[in-house]
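Take a look at the structure set out below.
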Amino acid sequence: MTQVKEKNEILTPALFSDIFDSAKFFGKNWFEKEFGQNLPAVNINETSKHFNLEFAAPGFTKDDFKVSVDGNVLTISAEKKEEKSEKNKKFTRKEFSFNSFTRSFRLPELVIADKIDAKYTNGILNLSIPKKEETKSLPKKDIKVS
């Protein structure tokens, strides 16, 4: 059944849109969970002197992270591989896991990229990105149009 809105705009039937709406059909973030990466949550806080980024990345060590700046793009990535083997007279068991992510952020021109500080403590990666001292702005001036 077709629904009609004002100005005679035709909408697709609800059943049709539900079937072809992948978010509704597969569930929230289905594609990302199955084929993409699980990205860590990030909090971004701006102060007058810094940008502070906090990544929730438990299970990694500080050596698992790579933080780089290329031009004005900050990239944070991590990779962890783990393999365990257990041999017994009756069985052999081998388990492995791999976890990784990459996040990139475009930096504004007002940051000092070569002074970025990164620390990893208790599952949280903290980045402090200092800002350049802003030049004094001129006071507002009204200009008379002649």
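A short reminder: the numbers here are calculations on the coordinates, not readings from a lab. Just so we're clear, the structure is a prediction, and the values are computed from it rather than from any experiment. Reconstructed Cβ throughout: ideal geometry from the backbone, glycine too, with neighbour counts over all protein chains shown.
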Query raised in the report: By counting other Cβ atoms within 10 Å of each Cβ, how are D70, D117 ranked from fewest to most?
Result: D70, D117
Query raised in the report: What is the spin-label model distance, in nm, from I44 to F96 if the labels are put 7 Å beyond Cα along the C-beta direction?
Result: 3.6
**Report entry** Additional length obtainable on full extension of the chain from K80 to L107, 0.36 nm per residue less Cα span
**Finding:** 7.1 nm
Report task. Kindly provide the trypsin sites (Lys or Arg not before Pro) of region 75-146 that DSSP labels as loop, not H, G, I, E or B, and whose Cβ sees at most 16 other Cβ atoms within 10 Å. Result -> K89, K90, K132, K136, K140, K141, K144
Requested in this report: Please give the residues of region 89-131, grouped as numeric ranges, whose backbone N is less than 17 Å from a label point set 7 Å along the Cα-to-Cβ vector of K62.
Outcome: 116-129
Requested in this report: Kindly provide the GluC sites (Glu not before Pro) of region 71-146 that DSSP labels as loop, not H, G, I, E or B, and whose Cβ sees at most 13 other Cβ atoms within 10 Å.
Outcome: E109, E133, E134
Query raised in the report: Considering region 71-146, what Rg and Dmax in Å follow from its alpha-carbon atoms?
Result: 25.1, 98
Report summary line: In region 53-108, the chymotrypsin sites (Phe, Trp or Tyr not before Pro) that sit in a DSSP loop and have at most 15 other Cβ atoms within 10 Å of their own Cβ are F91
